[in-house]
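Heads up: the structure comes next, in structure tokens.
The values are calculated or read from the model by the stated rules, or taken from the named source; none is laboratory data. None of the values given here were measured: they were computed from a predicted structure.
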Amino acid sequence: MAKPERSATTIYLERRIVRAARIKAALTGRSLSDLANEGLTRLLSEDKRDLGLARKRRKERVRTYEELLKDLRRDGVLPSRRGHPAAIGPP
């Protein structure tokens, strides 16, 4: 498999991050570029996965905050509003 084309860029990182990355690169026999590419690829993959899940759930009915509180009270997760001064949210 051919290596993807690369592009040079300048990024500004915290010194401690650069120091840790250099140590990681040296210990693993990889370059800083490889580590940066891997990290950015993972980050972007998370976004892609989240967007995919959002698309799948687009047609789901949205519950209001009040409905959520009502369900949590019904299930005993939150105390009922009656006689409880610290109860959360609207009645």
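Side notes on the structure shown:
- Selection within the range 1-30 - part of a helix (DSSP H, G or I) and of a type in the set (Lys, Arg): ARG15, ARG16, ARG19, ARG22, LYS24
- Test: residue in the range 8-20 that is at pLDDT 95 or above and of a type in the set (Gly, Ala, Ser): yes
- Hits in the range 47-91 - residues which are in a helix (DSSP H, G or I) and at pLDDT 90 or above: TYR65, GLU66, GLU67, LEU68, LEU69, LYS70, ASP71, LEU72, ARG73, ARG74
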